[in-house]
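> Pasting a structure below so you can have a look.
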Ligand code: SAH
Ligand code: DHB
Ligand code: MG
């Protein structure tokens, strides 16, 4: 079954975007020993299309890794657009900076190194908010805190996307002791009672097996 999901992803990528994808970053990440937990190509292009369709000029990302999703999102920006991406691991940030330069988007992207909660607090202090799109894809334990911070940094009507919210179905295991599942369930509990957002979650299969995104819009 998993094999079919990946094969269909290959078909989608081959038909719909062929060579037009930041594949060099994936290879550089592997060479640098980074874990292969980037979004899939089809998911990366979805992020790009979402950012494009809301004409985003300011994008915030939590969880950079080697910058694969960052490159997709940055490609959606018009001239003068900005993307800030937050990463705790300086080694990941260094690989990401190289990949972003290689992909020709370094001029639009700022990689901030440190725990995302601290960087989000700093961004709030700088009042450099009004992000149009926020993509959250770091440690799942803090997902509810990241969404809470994102709401304050986002403009009314902004799009917030959270990766990995299904986890092979683990999200509905109310007795789970897995900290990532507990963090994801805490996010769903928060969203169930969060008047500032309208949200759904979409399950996905593909190269990354069975997982899903939360997609939410900040109420005006
Ligand atoms: N968005 C990337 C994948 C991110 S993987 C892509 O799709 O290409 C998750 C990343 O979050 C890892 O690089 C990890 O180091 C980072 N991370 C984990 N905990 C963090 C924290 N507290 N603050 C910021 N980044 C964190
Ligand atoms: C993991 C993290 C991710 O962001 C992802 O997309 C897949 C897996 C992980 O930590 O296992
Ligand atoms: Mg992810």
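The values are calculated or read from the model by the stated rules, or taken from the named source; none is laboratory data. All figures in this text were calculated on a predicted structure; none of them were measured in a lab. We place every Cβ from the backbone using ideal geometry, glycine too, and count neighbours over all the protein chains shown.
> Report yes if some residue within region 134-149 is closer than 25 Å to residue 35 by Cβ, part of a loop (DSSP other than H, G, I, E, B) and free of Cβ contacts under 8 Å to residues at least 12 places away in the same chain; otherwise report no.
No, that holds for no residue.
Residues checked against (1) over 17 Å from residue 136 (Cα atoms); (2) in contact with a helix residue (DSSP H, G or I) (Cβ under 8 Å, 6 or more places away or on another chain); (3) more than 7 Å from ligand 1 (Cβ to nearest atom); (4) at pLDDT 95 or above:
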{"site": "65", "(1), (2), (3), (4)": "no, yes, no, yes"}
{"site": "70", "(1), (2), (3), (4)": "no, yes, no, yes"}
{"site": "73", "(1), (2), (3), (4)": "no, yes, yes, yes"}
{"site": "84", "(1), (2), (3), (4)": "no, yes, yes, yes"}
{"site": "98", "(1), (2), (3), (4)": "yes, yes, yes, yes"}
{"site": "111", "(1), (2), (3), (4)": "no, yes, yes, yes"}
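> What residue, among those in region 32-45 that are within 11 Å of the chain's Cα centre (by Cα) and not in a loop (DSSP other than H, G, I, E, B), is farthest from ligand 2 (Cβ to nearest atom)?
44
> Being in contact (Cβ under 8 Å) with a residue 24 or more places away in the chain and either under 22 Å from residue 196 (Cα atoms) or within 13 Å of ligand 3 (Cβ to nearest atom) (or both) narrows it down to one of 62, 105, so name that one.
Residue meeting the stated conditions: 62.
> Turning to a different aspect of this structure: Mind listing just one residue for me: the one in region 177-204 that is more than 16 Å from residue 144 (Cβ to Cβ) and in contact with a strand residue (DSSP E or B) (Cβ under 8 Å, 6 or more places away or on another chain) and, of those, farthest from ligand 2 (Cβ to nearest atom)?
Looking at residues that are more than 16 Å from residue 144 (Cβ to Cβ) and in contact with a strand residue (DSSP E or B) (Cβ under 8 Å, 6 or more places away or on another chain), I get 198.
> A follow-up question, please. Would you call residue 201 surrounded by 17 or more Cβ atoms within 10 Å (Cβ to Cβ), more than 16 Å from ligand 1 (Cβ to nearest atom) and touching a residue at least 60 places away in the same chain (Cβ under 8 Å)?
The answer is no for residue 201.
> Still on this model: Looking only at residues that are over 21 Å from residue 46 (Cα atoms) and within 16 Å of ligand 3 (Cβ to nearest atom) in region 108-139, which one is surrounded by the fewest Cβ atoms within 10 Å (Cβ to Cβ)?
Of everything passing the filter in region 108-139, 139 is surrounded by the fewest Cβ atoms within 10 Å (Cβ to Cβ).
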